[in-house]
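Have a look at the structure below before the remarks.
The values are calculated or read from the model by the stated rules, or taken from the named source; none is laboratory data. Bear in mind that the values here come from a model prediction, so they are computed numbers and not experimental data. Cβ sites come from the backbone with ideal geometry, for glycine too, and all protein chains shown count toward neighbours.
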Amino acid sequence: MILFLSISIFLATAIGSIGLFLWLDSRKESLPQRFKEVVGEEAGVSRGRIVASAGEWLEKVREWFSAKAPTEIELVEMLSGKELTGGRLLLNQAGIRSLGAYQIYRGVRLALPVVLVVLAVAYGKGTGVASKSIFLMVLVAGIAGFLLPDFVLRAKIRKRQEEITDALPDGLDLLVVCVEAGLGLNAAFIKITEEFKLSSPALSEEFDIVNREMVAGKPRQDALRALTERTGVEDVKSLVAMLIQTEKLGTSLAQSLRVHSDSLRMRRRQKAEEAAAKTTIKLVFPLVFLMFPALFIVILGPGVIQVINVLLPTIQK
């Protein structure tokens, strides 16, 4: 009985939802037309003008928001990294390239300060904090809400750029092997895309986009230049400049790639040595402020206690 009742409720809800969707879909009309129906032909001229102007304003707002949403063609331009500025460029460099990503990013940047300010005011009123402290909390919450989305996005960009930088020398080694084996540049990019899906998804994705653009008919130089804009990595910029120069001058691609791969690998080793050399300086602060006090207490503590036990009776006498 309970199973039959549950199935009946589910079927009734599903049928009602489908019917409501079909009814709403059949009543789709333009916004000005709906305003005309609401106003009616018998309404006054002034009222009709007010409602018509409001309808035009709402229509412009709707067109503005819909224009901000990227279409399929704009998505291809977004993937190519061409003519992007501001938030779209940051999202592209972070690897966030969905159709609604820019709208969500803008919405978060607008809503987060308001939400944090409201929470700060509610917390201050609920706990009975002074008005000056509430004002300070509101100011800090507003600034933090405004800066936090951009800070998180830039941190994601840095992490992705570091991943590409670390995996690029290995990718160039594979590219050299593929080119020396007789594969073309497009086939070599496909091989890198397949081999680096697990070890470096970011590098695999970028080379996959470059290959798809070249297959679609985009010139190789434009596709490679878009790669530099899309990643923002200096090593990728130098690689793209080398590939374009090699193609223009007609020099050996395999030899150029091998030399460039060796230089990138040497640069990566030098960065590792530099980071290792900085560790001794960075360890000074935790040693001085965290380890040395505890070490002094452990070593000198028993001796200090014994000295106090010996001297205390004489002082009391």
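As a summary of the residue check, Ala130 satisfies the conditions (1) at pLDDT 85 or above; (2) over 21 Å from the mean Cα position of the chain (by Cα) except for the one numbered (1). Please tell me if Val129 is outside any helix (DSSP H, G or I) and of a type in the set (A, V, I, L, M). For Val129, the condition - outside any helix (DSSP H, G or I) and of a type in the set (A, V, I, L, M) - is met.
The set of residues from the stretch 95-124 being free of Cβ contacts under 8 Å to residues at least 12 places away in the same chain and either assigned to a helix (DSSP H, G or I) or touching an Asp or Glu at 6+ places or on another chain (Cβ under 9 Å) (or both) comprises Ala101, Ile104, Gly107, Leu110, Ala111, Val118, Ala122. In the set (1) within 32 Å of the chain's Cα centre (by Cα); (2) modelled with pLDDT under 85; (3) of a type in the set (A, V, I, L, M, F, W, C), the condition left unmet by Ile244 is number (2). Quick check, is Leu224 assigned to a helix (DSSP H, G or I), buried (at least 16 other Cβ atoms within 10 Å of the Cβ) and in contact (Cβ under 8 Å) with a residue 24 or more places away in the chain? When the stated conditions are applied, Leu224 does not pass them. Condition check for Gly142 on (1) over 30 Å from Ala120 (Cβ atoms); (2) in contact (Cβ under 8 Å) with a residue 12 or more places away in the chain; (3) surrounded by fewer than 19 Cβ atoms within 10 Å (Cβ to Cβ); (4) not β-branched (Val, Ile, Thr): one failure, at (1). Farther than 30 Å from Leu239 by Cβ, out of contact with any Phe, Trp or Tyr (no Cβ under 6 Å at 6 or more places or on another chain), of a type in the set (A, V, I, L, M, F, W, C) and modelled with pLDDT of 85 or more, is that true of Ala67? Spelling it out, it is not the case that Ala67 is farther than 30 Å from Leu239 by Cβ, out of contact with any Phe, Trp or Tyr (no Cβ under 6 Å at 6 or more places or on another chain), of a type in the set (A, V, I, L, M, F, W, C) and modelled with pLDDT of 85 or more. Checking each residue in the stretch 148-169 for being touching a residue at least 24 places away in the same chain (Cβ under 8 Å), within 20 Å of Pro201 (Cα to Cα) and among the charged types (D, E, K, R) picks out Arg154, Lys156, Arg160, Glu163, Asp166. If you go through the stretch 247-275 and keep only what is closer than 12 Å to Leu175 by Cβ and within 29 Å of the chain's Cα centre (by Cα), you end up with Ser261, Leu264. Can we say Lys82 is part of a helix (DSSP H, G or I) and either at pLDDT below 80 or of a type in the set (Lys, Arg) (or both)? When the stated conditions are applied, Lys82 does not pass them.
Every residue, every condition in (1) surrounded by 13 or more Cβ atoms within 10 Å (Cβ to Cβ); (2) under 38 Å from the mean Cα position of the chain (by Cα); (3) more than 26 Å from Asn211 (Cα to Cα), yes or no:
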site	(1), (2), (3)
Lys237	yes, yes, no
Ile281	no, yes, yes
Val304	no, no, yes
Asn309	no, no, yes
